[in-house]
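First up is the structure itself, then whatever we jot down about it.
The values are calculated or read from the model by the stated rules, or taken from the named source; none is laboratory data. Bear in mind that the values here come from a model prediction, so they are computed numbers and not experimental data. Here the Cβ positions follow ideal geometry from the backbone for every residue, glycine too, while neighbour counts run over all protein chains shown.
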Amino acid sequence: MKLKDGYILRKIANTDMIVPIGENIANFNGVISLNETAAFLWKGIKNGLELPNLVETLVNEYQVDKELAEADTMDFVAKLKEANLLIENA
Amino acid sequence: MKNFTDLLERYPINGTFELTARCNLKCKMCLIRIDRDRMEELGGRERTANEWIQLARQVHEAGTIGLLLTGGEPMLRPDFITIYKEVAKMGFLLTLYTNATMVTPEIMKVLKEYPPHMIGITIYGASPETYENVTGNAKAYERMLAGVEQLRKLPSKLILRTTLIKDNIEDLDKISRWACSFGKNVDFNVSRIVTKPVRGGISDVESCRLTPEQNVAMLKERNMDFIVKPFHRYLKEHPEIKMNQRMISQNTYRKDKNFLSDIPFQIIKSEEQGDKKNENSTHKPTLYGCDAGINSYTITWDGKLIGCQLLGDCWTYPLETGFLKAWDEFPEHVFMPPLPAKCMECKVTCNACPATRLAETGLLNGHPAYICKEGILAKEMEEELIDNIKEKIERKKEKYYETL
Ligand code: SF4
Ligand code: SF4
């Protein structure tokens, strides 16, 4: 699982945002704002984590139970797919 | 001086980098343009590509999201591509202002790789003759057309902007028809007021700008917003006549032969009426009555941090002290004197703001006669329009009751 190039995570006035650059500007008219968990997961994927590890780091970081972390992660990954931000490994 | 503990929370969200104040054109009404001689007189130097890139890193770190690269004409710099490429990679919401007459294949290459989110292109006329009269360069017309053709291929949002003066007012219909032929993805803006030059700009604006009377006549003839807005305001105040809205709006403006109803014709409005409000309100004070120095800033061609591109009353030195320090210390330098009694009492929504007052009078709180007159005439026109609307509504009502 890999994030597409050309999306930059930025913190603006305490809000996490994704700024599209390059040809991606055509897909997003403006920025995408992320909540804290989403930004955390974004960074995890950027660092090469796959699903099981993502869930694990989320559990550790936020002291939530595994089921919830799993649901959140799946939800986020689905959103990324929907927004066409993800390259999935074969 | 303000009490800074009371100041609205500041955050440098939007920045403007004025990469140069020089230009390849010599527009009669340019607020900014200087030449090398004036640069020397002013004692500044244009900042190097490296300095702009370093600064961009700092403002990125400080949380700037919207960044405007402008001039003068930014593409005039031989190192424009270097600056642009490095800055664009960092991840800003990038806007580029240009006159589109210097778009080379090399520049297009980097713009294709990293398209700006928005491009503002200034259009000075609809023929080589007008370009000659306004910019001093007839050939620039064809070059602009070619430049726009190129820039249109990018996924960027395009805004075509024009500033009307005596020399190009006749071209407005042609410009707007051309601008609107590009469809919905291209906006078209006409600036409302031309002020005198700022920060040592060398153009002779006064000889070419429209008189306040011409300006307001132009608004009346051409601008949908100006006609429709007071009407809607009136309707809002009179909920009882809401049902007639459609009928009346048609009668009010569709008939006008000059009325370009399909055109996204918009006025760039001053956000001001600033300290007038602030003085009496319980809101936390700003510095200039607007966003300048609160959530936005400009870095001038010679590397000073100022409130907005039209200001220049005071500054700090981001390249020397680091951006954050320059940003943090900026408010200490701002001294906003109270407005003259005339303006404090005035009810007109004119286009005066500290920057335009400064440009017109040399003082942040000066009384700008030109802008004042325009504002008052516009207000009169608005009242006239409203009277007109009222009359029409009354007549409609009468007819309506007659049929009952
Ligand atoms: S219309 Fe004239 S008097 Fe009124 S605020 Fe503007 S400049 Fe001042
Ligand atoms: S000082 Fe005037 S021109 Fe500058 S940002 Fe404020 S309202 Fe706009």
Exercise for the section: Please go through the range A:1-33 and pick out each residue that is of a type in the set (K, R) and either in a loop (DSSP other than H, G, I, E, B) or within 8 Å of chain B (Cβ to nearest Cβ) (or both). Expected result: A:K4, A:R10, A:K11
Exercise for the section: Output the residue which, of all residues in the range B:110-130 that are in contact (Cβ under 8 Å) with a residue 24 or more places away in the chain and in a helix (DSSP H, G or I), is farthest from the other protein chains (Cβ to nearest Cβ). Expected result: B:T130
Handout entry: Given (1) loosely packed, with under 15 Cβ neighbours inside 10 Å; (2) within 16 Å of ligand 2 (Cβ to nearest atom); (3) of a type in the set (S, T, Y), index of the condition B:T356 fails
Key = (1)
Completion exercise
Here the qualifying pairs (Cβ atoms under 6 Å; residues six or more apart or on different chains; first in the range B:283-306 and over 21 Å from B:A49 (Cβ atoms); second assigned to a loop (DSSP other than H, G, I, E, B) and within 16 Å of ligand 1 (Cβ to nearest atom)) come out as B:G289/B:E272; B:C290/B:E271; B:C290/B:E272
Fill in the blank from the handout: B:P338 fails exactly one of (1) surrounded by 17 or more Cβ atoms within 10 Å (Cβ to Cβ); (2) more than 14 Å from ligand 2 (Cβ to nearest atom), namely (1)
Practice task
Evaluate the following for A:N60: is it without any contact (Cβ under 8 Å) to a residue 12 or more places away in the chain, within 14 Å of chain B (Cβ to nearest Cβ) and either over 29 Å from B:L158 (Cβ atoms) or among the hydroxyl-bearing types (S, T, Y) (or both)?
Solution key: no
Handout entry: Positions within the range B:148-157 being surrounded by fewer than 16 Cβ atoms within 10 Å (Cβ to Cβ) and either within 14 Å of chain A (Cβ to nearest Cβ) or in contact (Cβ under 8 Å) with a residue 12 or more places away in the chain (or both), in sequence order
Key = B:R152, B:K153
Completion exercise
If you go through B:L164, B:L145, B:L160, the only one that is more than 14 Å from chain A (Cβ to nearest Cβ) and free of Cβ contacts under 8 Å to residues at least 12 places away in the same chain is B:L145
Practice task
Find the helices (runs of 4 or more DSSP H) located wholly in the range B:306-394 whose residues include 2 or more that are closer than 16 Å to B:R199 by Cα, and list them.
Solution key: B:354-361
Practice task
Output the residues belonging to the range B:66-95 that are surrounded by fewer than 23 Cβ atoms within 10 Å (Cβ to Cβ), among the β-branched types (V, I, T) and within 12 Å of chain A (Cβ to nearest Cβ).
Solution key: B:T95
Exercise for the section: Of all residues in the range B:282-327, count the ones that are modelled with pLDDT of 95 or more, away from ligand 2 (no atom under 16 Å from the Cβ) and more than 16 Å from B:G66 (Cβ to Cβ). Expected result: 13
Practice task
Taking B:I389 as the residue in question, decide whether it is more than 16 Å from ligand 2 (Cβ to nearest atom), away from chain A (no Cβ under 14 Å), of a type in the set (A, V, I, L, M) and under 14 Å from B:V216 (Cα atoms).
Solution key: no
